[in-house]
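Engineer: Once you've had a glance at the structure underneath, I'll fire off some questions.
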């Protein structure tokens, strides 16, 4: 979707020839003027508010009235020994690792399957992608019933299917499995929602690999498996990187899905939910802000190098 | 030769088998939503979750609609204007950032982009304070404003990538014909960007409609959009699970319809999130 590199120098010469310098300066000023409101809005609502949050995170503020008495890093230090926050970090770690592995594996598998000249490819692709259009809240509400932990005469949900198929060994407590593994089951609805996206990324990558390359490998006697193993998978590495970054930041921020599935079950808590609860139900503004900043830092570690890289790559063109 | 052919058919069977298995996994929740939704109150039974309804009954939908209709209306009142405003802002920004590079424009663009990845918990307290101060907390207008502002990064990105595809020569040609910046936008860029508008409108519609975090802290019970109302419905001990399911289907319907009708454009918005449009 980017302009052809060849067009850029030609355009520059053209502009120099046809546009009087003064006009270009005026236009440039107007152009900048048009984006200034957006820049100011982002400066305030993103960067200004982050700064303000940092300020709240080092102040005393508990209760409904703002109290900016400086307490240093007290809230951050409190978090280190806070049992609930410990659960949150552990849950996020388990969730993120499993979510990434399963999403990438299923996404890649679906993409490779769909790349085999499949009849009805469009239909399959649409089915794998539609959960992306639905909110995490709806997903959570439905999956909570599918992952019904009841057994015996009250058995329901997916457990009921396992029971009917004679797969009793698969019957389990799902998200109500004893900690820390309950959160691992919340990965299932998350994968249901996001693996289609991963598939679409990989499919885009697969389609950009030229058929000639595969043909050449076939002529050299490589099997289909070898072609994937030694040619295609290495070429898909940049796609995997993008997918890890996009899925990773979603998983570090996971919030709505947990709210809808856990319904206040602390065993499934994550920082996003804790921040919301402690701030707006518990009025612990200082602590809430500290959790928010903690989340920001974890996401920034992932995103900033990626964004800077992207920017540099574009300037090079 | 014939063993090769047998092997080939076996591979095909395996491929289609896996695809069908995955299709069942993806459709399972929708199946449950639909069959439960159309059951009568009398046949709702957790132990018969997977059974087909004995006929088509609307009891659950009527009950769910009764509870969620005002919230659905709130959502639409919020989402339709906010996605229109967002796309207009995004189009202007995208035009400038792709065709009028200025000093530090790349750095500024990247700083704007960062705004779409932040966890909103890190700005939530100031945001609530600020909206309170503006007197907009609790109102749909306030939430609308918030969606428009935090939509700036993604809409700017989608339009910028889109406009990168319009060759600068086309604009130069327009310039020779005497068009100024606004003329170029009005007569060349805007007409070419209708598909871009569709992508952004759909994307912003879906994002704002599906949002929960902003809505839950910035609205009150009369202004709750449907996600908040549905979550409360699902957490309620009084409302039956079959009504919750009907409510979930109802809540999913608008974005699902858009996806079914305009899926291609939806996918393009999705891919923009991966940065390289």
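The values are calculated or read from the model by the stated rules, or taken from the named source; none is laboratory data. Please read all numbers here as calculations on a predicted model, not as lab measurements. Reconstructed Cβ throughout: ideal geometry from the backbone, glycine too, with neighbour counts over all protein chains shown.
Engineer: Working only within the stretch A:256-272, note down all residues that are in contact (Cβ under 8 Å) with a residue 24 or more places away in the chain and within 19 Å of the chain's Cα centre (by Cα).
Structural biologist: A:256, A:257, A:258, A:259, A:260, A:261, A:268, A:269, A:270, A:271
Residue-by-condition table, conditions (1) modelled with pLDDT under 95; (2) facing another protein chain (nearest Cβ under 9 Å); (3) crowded, with 21+ Cβ neighbours inside 10 Å:
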{"residue": "B:180", "(1), (2), (3)": "yes, yes, no"}
{"residue": "B:190", "(1), (2), (3)": "yes, no, no"}
{"residue": "B:204", "(1), (2), (3)": "yes, no, yes"}
{"residue": "B:210", "(1), (2), (3)": "no, yes, yes"}
{"residue": "B:215", "(1), (2), (3)": "no, no, yes"}
{"residue": "B:218", "(1), (2), (3)": "no, no, yes"}
{"residue": "B:235", "(1), (2), (3)": "yes, yes, no"}
{"residue": "B:245", "(1), (2), (3)": "yes, yes, yes"}
{"residue": "B:260", "(1), (2), (3)": "yes, yes, no"}
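Engineer: Identify, by number, the condition in (1) within 14 Å of chain B (Cβ to nearest Cβ); (2) surrounded by 16 or more Cβ atoms within 10 Å (Cβ to Cβ); (3) more than 30 Å from residue B:103 (Cβ to Cβ); (4) touching a helix residue (DSSP H, G or I) at 6+ places or on another chain (Cβ under 7 Å) that residue A:58 doesn't meet.
Structural biologist: Residue A:58 satisfies every listed condition except (4).
Engineer: Further, regarding this structure: Here is a list: B:258, B:166, B:238. Which entry is outside any helix (DSSP H, G or I) and touching a residue at least 24 places away in the same chain (Cβ under 8 Å)?
Structural biologist: B:166
Engineer: From A:219, A:191, grab the single residue that is farther than 30 Å from residue A:267 by Cβ and either out of contact with any helix residue (DSSP H, G or I) (no Cβ under 8 Å at 6 or more places or on another chain) or crowded, with 18+ Cβ neighbours inside 10 Å (or both).
Structural biologist: Only one candidate qualifies: A:219.
Engineer: Okay, next question. Can you find, within the stretch B:144-170, the residue that is surrounded by the fewest Cβ atoms within 10 Å (Cβ to Cβ) among those that are more than 22 Å from residue B:198 (Cβ to Cβ) and more than 7 Å from chain A (Cβ to nearest Cβ)?
Structural biologist: For the stretch B:144-170, the residue satisfying everything is B:145.
Engineer: Among (1) assigned to a helix (DSSP H, G or I); (2) in contact (Cβ under 8 Å) with a residue 12 or more places away in the chain, where does residue B:223 come up short?
Structural biologist: Tallying (1) assigned to a helix (DSSP H, G or I); (2) in contact (Cβ under 8 Å) with a residue 12 or more places away in the chain, residue B:223 fails exactly one: (1).
Engineer: Looking at this structure, is residue A:32 in a helix (DSSP H, G or I), at pLDDT 95 or above and at negative phi?
Structural biologist: Details: in a helix (DSSP H, G or I): yes; at pLDDT 95 or above: no; at negative phi: yes.
Spelling it out, it is not the case that residue A:32 is in a helix (DSSP H, G or I), at pLDDT 95 or above and at negative phi.
Engineer: Additional query: Among the numbered criteria (1) farther than 15 Å from residue B:241 by Cβ; (2) part of a loop (DSSP other than H, G, I, E, B), which single criterion is violated by residue B:39?
Structural biologist: Every listed condition holds for residue B:39 apart from (1).
Engineer: Does the stretch A:224-240 contain at least one residue that is buried (at least 17 other Cβ atoms within 10 Å of the Cβ), within 11 Å of chain B (Cβ to nearest Cβ) and in contact with a helix residue (DSSP H, G or I) (Cβ under 6 Å, 6 or more places away or on another chain)?
Structural biologist: Yes; the residues of the stretch A:224-240 include at least one that is buried (at least 17 other Cβ atoms within 10 Å of the Cβ), within 11 Å of chain B (Cβ to nearest Cβ) and in contact with a helix residue (DSSP H, G or I) (Cβ under 6 Å, 6 or more places away or on another chain).
Engineer: For the stretch B:92-127, give me each residue that is more than 8 Å from chain A (Cβ to nearest Cβ), in a helix (DSSP H, G or I) and surrounded by fewer than 18 Cβ atoms within 10 Å (Cβ to Cβ).
Structural biologist: Correct list: B:105 only.
Engineer: Kindly indicate whether any position in the stretch A:150-157 is surrounded by 19 or more Cβ atoms within 10 Å (Cβ to Cβ), within 14 Å of another protein chain (Cβ to nearest Cβ) and closer than 24 Å to residue A:238 by Cβ.
Structural biologist: No, the stretch A:150-157 has no match at all.
Engineer: Would you confirm whether any residue within the stretch A:283-296 is part of a helix (DSSP H, G or I) and modelled with pLDDT under 95? Give the steps one after another, and end with the answer.
Structural biologist: Looking only at the stretch A:283-296, we keep the residues that are part of a helix (DSSP H, G or I), and these are A:285-296.
Filter once more, so that each one left must be modelled with pLDDT under 95: none.
Checked the stretch A:283-296: no residue is part of a helix (DSSP H, G or I) and modelled with pLDDT under 95.
Engineer: Condition check: more than 8 Å from chain A (Cβ to nearest Cβ), free of Cβ contacts under 8 Å to residues at least 60 places away in the same chain and either within 21 Å of the chain's Cα centre (by Cα) or buried (at least 16 other Cβ atoms within 10 Å of the Cβ) (or both). Does residue B:174 satisfy that?
Structural biologist: Yes.
Engineer: Taking into account only those residues within the stretch A:94-130 that are facing another protein chain (nearest Cβ under 7 Å) and crowded, with 23+ Cβ neighbours inside 10 Å, which is farthest from residue A:210 (Cα to Cα)?
Structural biologist: In this case the residue turns out to be A:128.
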